[in-house]
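Have a look at the structure below, then the notes.
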Amino acid sequence: MAARDTNIINHDDGGLTISGRFVNSSGIDHADWVLLKLPAGPNGQPRYVPCETSRISIERTWKTSGLMASGTHSFSVELSVPKTEVADWEPCLKGNRPSDEVDGNYLRSMPMIAYLGTSLIAPILGCAEALFREHERLIVRRTRDVGLNSAPELTALGESAMELTTAQLLYRDLLDWLHDKGSQARSISAEEVKICRAKAATLVRLCGTAAKRLQDTCGMAVLSEDAPAQGYWCDLQVMSAHSDVRYGISLQDYGQICFDAAKTTITATGSNQHDCA
């Protein structure tokens, strides 16, 4: 998270003393680590410092109900870190070759940009799954108690269930891939970062589509003010608007990757068979 009202003291040995506030940190309620993005250092490059949440003080002042499931809060920090824990921001974005693991935690040595958006997709998927269960119960109750024709509801239930199953597979595929990269200290290229973002954005789109279909089919009955679904729906909408899971830009980048792969293959072999993933 970017710093606000933060004082940085640069030590001669390359270490830092950091004191101040970081605002709107997504997923902090569920995190073991935070990433402190700091102003530029002596070389003109922004810097980052990974920090365990046990070393910060979380300020529970964020009141927007739509971000409750994302665990978003501000936090304050006052700590000193050695040079080995300070890195330039640019290599983090570019996905350069990682160094060996540090203290057994590969997140300290991997290019972090590929991992940053994953803190959102779990609560988004969880909200969509919870909404599905609420609508599922409503459909069962309506069919049993009122005797309504359930064909439209069953169709919507089946389509949304399939979309959520696909989203769950994407979630597991993405996390397993990132974990394998980290645990094996393998590099992550800029192109692979774009593929990760496209997968995350597609997962979020599937969750939103599944939830919206059920709402359109079942109406507003499940979204009364005191119903759990109201909170799930609000959280899902707000978290899905986060820039890390923006659909249009991510899929445009992925389309460019597919296009470039196809062009290279066709030029080299005359075949139109290729794998952009």
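The values are calculated or read from the model by the stated rules, or taken from the named source; none is laboratory data. Here the structure is a predicted model, which is why all the values come from computation and not from measurement. Backbone-built Cβ (ideal geometry, glycine too); neighbour counts: all protein chains shown.
Observations on the model:
- Scope segment 156-190; condition surrounded by fewer than 16 Cβ atoms within 10 Å (Cβ to Cβ), under 25 Å from Ser240 (Cα atoms) and touching a residue at least 24 places away in the same chain (Cβ under 8 Å); matching residues: Glu159, Ala161, Thr166, Asp173, Leu175, Ala190
- Listed conditions (1) surrounded by 13 or more Cβ atoms within 10 Å (Cβ to Cβ); (2) modelled with pLDDT of 80 or more; (3) under 30 Å from Arg133 (Cβ atoms) are all met by Tyr254, apart from (3).
- Any hit, segment 80-96, residues being under 30 Å from Pro39 (Cβ atoms), touching a strand residue (DSSP E or B) at 6+ places or on another chain (Cβ under 7 Å) and modelled with pLDDT of 80 or more: yes
- Selection status of Ala128, crowded, with 20+ Cβ neighbours inside 10 Å, small (Gly, Ala, Ser), over 30 Å from Ala87 (Cα atoms) and touching a Leu at 6+ places or on another chain (Cβ under 7 Å): yes
- Looking across segment 199-220, the residues that are aliphatic (A, V, I, L, M) and surrounded by 21 or more Cβ atoms within 10 Å (Cβ to Cβ) come down to Ala200, Ala201, Leu203, Val204, Leu206, Ala210, Ala211, Leu214.
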